[in-house]
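Below you'll find the structure, written out as structure tokens, and then a few comments.
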Amino acid sequence: MNPWVIAPYSVTPVASLLTRCVASGVLSQEDVDSVPREPCVFSPHLLEAEQLITMERELDKINLEMELLKLEKESADVTHKFYLSKRFTSLQQFTSHLQDVLREQASLRRRLMKPLLYLFELMVVDFIENLEAKISTVRTIPTIEDSMSNLNNGIAQLLAQVTEVERLSKQVLQWRSHNSSTSINDITT
């Protein structure tokens with residue numbers, strides 16, 4: 001039982017405390033009776049706080065009811081007889097189909113293996129034909145030794161041309177130096 005909820009048939013904590021005070025002699029019944037029963041006895045802030053708490057409780061209760069209604073609405077189509085009967089029927093059909101498959105498992109396995117064997121034979125024949133074509137292609141590709149000898153010949157020719165260019169450049173430089181020295185002698189004389 002919640003001590004903050006006041007019910008007409010229950011004793012509040014304040015009443016219980018006052019009863020103990022009267023029983024022990026701290027207060028007299030006349031003192032308790034002389035306390036005014038109007039709501040203005042307590043601070044207005046206390047009354048506002050009590051009203052605010054009451055309103056918050058009611059708001060929480062309404063929010064909870066609203067959440068429950070939303071959940072009920074979302075799950076209503078799933079738990080409705082109409083949808084459940086459709087699902088149950090489809091589940092029964094699927095179950096009966098699976099039972100048939102289990103009964104016919106051996107014959108189905110044999111029937112399914114036949115196309116696989118035929119397909120395997122086709123794949124093997126195709127692989128062999130492709131293998132022969134690839135082997136003939138590989139045989140027509142020049143070997144590495146031929147490529148290396150061609151590369152060595154190219155390098156030798158390139159080196160010969162480099163030495164020829166060096167020889168010619170030296171001749172050009174000698175010719176220039178010889179021509180420049182004769183032209184200087186001609187100018188001085």
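Structure summary
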item: Count of residues meeting criterion [at pLDDT below 85 and open to solvent by less than 90 Å² (accessible area, probe 1.4 Å)] in the range 11-25; result: 5
item: Residue satisfying condition, being part of a helix (DSSP H, G or I), of a type in the set (Val, Ile, Thr) and exposed (fewer than 10 other Cβ atoms within 10 Å of the Cβ), within set 54, 137, 89; result: 137
item: Residue count for the range 128-155, restricted to those that are modelled with pLDDT under 85 and acidic (Asp, Glu); result: 2
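The values are calculated or read from the model by the stated rules, or taken from the named source; none is laboratory data. Nothing here was measured: the structure is a model prediction, and the numbers come from that model. Every residue, glycine as well, gets a Cβ built from its backbone with ideal geometry; the counts of neighbours run over all protein chains shown. Calculation scope for accessible area: heavy atoms of the full protein, side chains included, ligands and nucleic acids excluded. Shrake-Rupley method; radii C 1.70, N 1.55, O 1.52, S 1.80 Å.
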